[in-house]
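Have a look at the structure below before the remarks.
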Amino acid sequence: MIYGIIKSIFINILLGFGGDFMLLTADVGNTNIKLGLFDGDELTCKIRFSTDTCQTSDEFAVELYTFFQIYKIDAQSITSSIISSVVPKVTYPLKTAIQTVTGAKSFIVGPGLKTGLDIKIEHPETLGADIVAGCVGACEKYDGPFIMIFMGTATAIAYVDENHAYHGGAIAPGVGISLDALTQNGALLSSVDLKAPKKAISSNTTDCIRSGVMFGTACMLDGMIDRFIQETKKECTVIATGGLAPLMIKNCTHQIVFEDNIILDGLNYIYKRNKK
């Protein structure tokens, strides 16, 4: 009986005072939703599923519950949650679903939340929550200055200085969007898999498309990095994240570090700054 009382007190201390016994992070993108489960600073589990703007909170709850069952995750061990989202239609249904399944309320990355990132652009409220979280993660790991490349539905390139000030950047169509636009509007052009050909000057249509997409994207990234460095007059660490990033950066001439979980890491850091 005494052991049970001590155990109960210990669990209440972890859940009540720590507030971060287990943290669920959610990065909602236009194509995928990526979930990460943190035990302290350790990312213990990752889950990815497609973004569906038509799903209700109940449908999200069923999906979350199913994933937790598959990966043998105790939903009741999740006591906190934080969401970065660039899809407003999904944000609140997902937030409701998380609370339904775990009982945990979620922070939403946006105005009013402390991030540690000094956003110096004309309309700070318009900056994507995923970019905020990714840059926060990079600030913690690499300090600054750095150039951050996000390769998702869009390709976004951001600059953060040594004082953790975000100065802006550039946005280009994502690789998938560019390839789809090319093949859907070119009657004689068929879609290809994303792998680099052996040489830039290719001798068949398939490799010509691959050359344009793969090497063309790499040249764009290298050129933009050069312009950023020229404008800032600072040598920068260059970091890339996103599903297509590993395929692209190996064709670049600049040294670029790939960070698969930098947005989830950033969400973990933002949560720590705002927890009670």
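The values are calculated or read from the model by the stated rules, or taken from the named source; none is laboratory data. Predicted model, so just to flag it, every value in this text is computed and none were measured. Backbone-built Cβ (ideal geometry, glycine too); neighbour counts: all protein chains shown. Heads up: the accessible areas ignore ligands, DNA and RNA and are worked out on the full protein's heavy atoms, side chains in. Shrake-Rupley method; radii C 1.70, N 1.55, O 1.52, S 1.80 Å.
Using the Karplus equation 6.51 cos²θ - 1.76 cosθ + 1.60 (θ = phi - 60°), what ³J(HN,Hα) coupling, rounded to whole Hz, does each residue of the range 231-238 give in order, writing x for Gly and Pro?
For the range 231-238, the Karplus-derived couplings read 6, 8, 6, 9, 6, 10, 6, 10 Hz, x marking Gly and Pro.
Taking the square root of 5 times each eigenvalue of the Cα gyration tensor, what semi-axes in Å does the equivalent ellipsoid of the range 154-198 have, largest first?
On the way: eigenvalues 223, 32, 6 Å².
In descending order, the three semi-axes are 33, 13, 6 Å.
Probe 1.4 Å, all protein chains in place: accessible area of K46 in Å², nearest 10?
80
Looking at the range 146-244, send over the antiparallel percent of its DSSP beta bridges, to the nearest 5. Spell out each step's value before the answer.
Details: 13 of 18 bridges.
Roughly 70 percent of the beta bridges in the range 146-244 run antiparallel, per DSSP.
Quick one: Debye curve from the C-alpha atoms of the range 82-216, no solvent, what's log10 I(q)/I(0) at q = 0.09, 0.11, 0.14 Å⁻¹?
Values, matching the q order: -0.42, -0.59, -0.82.
With unit charges on the beta carbons (Lys and Arg positive, Asp and Glu negative) and the dipole taken about the Cα centre of the range 199-276, which residue among S203, A240, N261 sits farthest to the positive side?
N261
Which value, in debye to the nearest 20, gives the size of the charge dipole of the range 215-276 about its Cα centre, when Lys and Arg are +1 and Asp and Glu are -1 at the Cβ?
Working: 8 positive and 7 negative charges, 94 e Å.
With Lys and Arg at +1 and Asp and Glu at -1, about 460 debye.
Could you sort out which of K89/K195; K46/K275; K46/K198; K89/K250; K141/K276 sit more than 27 Å apart by Cα distance in this structure?
Values: K89/K195 34 Å; K46/K275 22 Å; K46/K198 34 Å; K89/K250 35 Å; K141/K276 24 Å.
Long pairs (Cα-Cα over 27 Å): K89/K195; K46/K198; K89/K250.
Roughly how many nanometres apart are two label points built 7 Å out from the Cα toward the Cβ at I70 and C219?
4.1
Give the residue from I149, G186, N274 lying farthest towards the positive end of the charge dipole for the range 117-276; charges sit on Cβ (+1 for Lys and Arg, -1 for Asp and Glu) and the dipole is referred to the Cα centre.
G186
Arrange the peptides 170-180, 75-85 so that the one whose residues have, on average, the most other Cβ atoms within 10 Å appears first. Don't jump to the answer; show the numbers that get you there.
Numbers: 170-180: 16.8, 75-85: 21.5.
Highest mean packing first, the order is 75-85, 170-180.
Round to the nearest 10 and give me the degree value, 0 to 90, for the angle of helix 129-142's Cα axis relative to the longest principal axis of the chain.
So the inclination is approximately 90 degrees.
If you build a Gaussian network model of the chain, linking Cα atoms that sit under 10 Å apart, which residue out of T155, T241, T253 swings the most?
T253
Please list, in order along the range 99-116, the HN-Hα scalar couplings obtained from phi with the Karplus expression 6.51 cos²θ - 1.76 cosθ + 1.60 (θ = phi - 60°), rounded to whole Hz, x for Gly and Pro.
Ordered by residue, 3J(HN,Hα) equals 5, 5, 7, 10, x, 8, 7, 10, 6, 10, 5, x, x, x, 9, 6, 10, x Hz.
Say a site is exposed when it is one of the GluC sites (Glu not before Pro), sits in a DSSP loop, and has at most 16 other Cβ atoms within 10 Å; what is then the longest site-free stretch of the chain?
Values: sites that count: E122, E162, E235.
Maximal segment without exposed cleavage sites: 1-121.
Counting only protein heavy atoms, what percent of the accessible surface of the chain is carbon or sulfur at a 1.4 Å probe? Numbers along the way, then the final one.
Values: 8010 of 14490 Å².
About 55 percent, which is the carbon plus sulfur part of the accessible surface.
State to the nearest 20 debye the size of the charge dipole of the chain about its Cα centre, where the only charges are +1 on K and R beta carbons and -1 on D and E beta carbons.
Details: 23 positive and 28 negative charges, 46 e Å.
Roughly 220 debye for the chain.
So how strong a dipole does the range 139-276 carry about its Cα centre when Lys and Arg Cβ are +1 and Asp and Glu Cβ are -1, to the nearest 20 debye?
On the way: 13 positive and 14 negative charges, 40 e Å.
That gives the range 139-276 a dipole magnitude of about 200 debye.
Where both partners of a DSSP beta bridge lie in the range 82-180, what percent of those bridges are antiparallel, to the nearest 5? Could you put the intermediate results ahead of the total?
Working: 13 of 17 bridges.
DSSP beta bridges in the range 82-180 are roughly 75 percent antiparallel.
For the residue pair S191 and T31, what label-to-label distance in nm results when each label sits 7 Å from Cα along the Cα-to-beta-carbon direction?
About 1.1 nm separates the two model spin labels.
Rounded to the nearest 0.05, what FRET efficiency is calculated for I121 and D260 with R0 set to 25 Å and r the Cβ-Cβ distance? Don't skip to the end; give the middle numbers.
Numbers: r = 26 Å, r/R0 = 1.05.
Efficiency computed from Cβ-Cβ geometry: 0.40.
Scan around V257 for amide H atoms under 5 Å from its own, H built in the peptide plane at 1.01 Å from N, and keep only partners 5 or more places away or cross-chain.
Amide H to amide H, under 5 Å and 5 or more residues apart or across chains, V257 pairs with V238, I239, A240.
Roll a 1.4 Å probe over the protein heavy atoms and report the accessible area of C54 in Å², nearest 10.
For C54, solvent-accessible area is about 110 Å².
Using 0.36 nm per residue of separation minus the Cα-Cα distance, give me the extension gain between A181 and S203 in nm, one decimal. Before the final figure, lay out the partial values.
Values: separation 22, 0.36 × 22 = 7.92 nm, distance 2.22 nm.
The span from A181 to S203 would gain 5.7 nm if fully extended.
Between I119 and residues 5 or more places away or on another chain, which pairs have amide H atoms under 5 Å apart, with H built 1.01 Å from N, and which residues are they?
Long-range HN contacts for I119: Y166.
The chain: Rg/Rh from Cα coordinates, Kirkwood Rh? Don't jump to the answer; show the numbers that get you there.
Values: Rg = 21.0 Å, Rh = 20.3 Å.
Ratio value, two decimals: 1.03.
List every residue whose amide H lies under 5 Å from the amide H of T31, counting only residues 5 or more places away in sequence or on a different chain, with H placed 1.01 Å from N in the peptide plane.
Excluding prolines and chain starts, which carry no amide H, the hits are T153.
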